[in-house]
Amino acid sequence: MENQKSERVTVTMYASAVCPYCQRAEMLLKNKGVTEITKIRIDEAPEKRDEMIAKTGRRTIPQIFIGNTHVGGFDDLAALDRAGGLEPLLNRPPEK
């Protein structure tokens, strides 16, 4: 039997060390089987905040991407999960 989770899409999150919503988003993603999250720490690299704003049009953290899809912040992630859309997004084949 093949391990289906080995071919998951990448999850990227703009975050900071002291952001409770970032921690909640990470916990939700881990509960869904995500083992690796690429964190872009805007508190350590302030220029990344400008990059985040340019990509998302939003100023708040976290900002979460699953593959190339911008999910939004924690509230958006939780709403997507409640609507049943998070797992299909996480389990789709990675973009090449």
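The values are calculated or read from the model by the stated rules, or taken from the named source; none is laboratory data. The shown structure was predicted, so the numbers you read here are calculated from the model rather than taken from an experiment. Surface accessibility is based on the protein's heavy atoms, side chains included, excluding ligands, DNA and RNA. Shrake-Rupley method; radii C 1.70, N 1.55, O 1.52, S 1.80 Å.
Which of the aspartates and glutamates could a cross-linker span from Lys32 if the Cα-Cα distance has to be under 12 Å and same-chain partners fewer than 8 positions apart are dropped?
By straight Cα distance, Lys32 reaches Asp81, Glu87.
Can you run the Rg to Rh ratio on the chain? Use alpha carbon positions and the Kirkwood inverse-distance Rh.
On the way: Rg = 13.2 Å, Rh = 13.6 Å.
Looking at the chain, the ratio lands at 0.97.
In whole Å, what are the extents of segment 18-71 along the principal axes defined by its C-alpha atoms, from largest to smallest?
Result for segment 18-71: principal-axis Cα extents of 30, 25, 15 Å.
Please state the relative contact order of the chain as a whole percent: Cα pairs under 8 Å, 6+ residues apart?
Rounded, it is 37 percent for the chain.
With both partners inside the chain, how many of the DSSP beta bridges are antiparallel, as a percent to the nearest 5?
Values: 7 of 12 bridges.
Percentage antiparallel, nearest 5: 60.
Using the heavy atoms of the protein chains alone and a 1.4 angstrom probe, what is the accessible area of the chain per residue in square angstrom?
Accessible area per residue: 64 Å².
Determine the calculated [θ] at 222 nm for the chain from helices alone, applying -39500 (n - 2.57) to every DSSP H run no shorter than 4 residues and normalising by the residue count; nearest 500 deg cm²/dmol.
Numbers: 4 runs with 37 residues, N = 96.
The per-residue figure over the chain is -11000 deg cm²/dmol.
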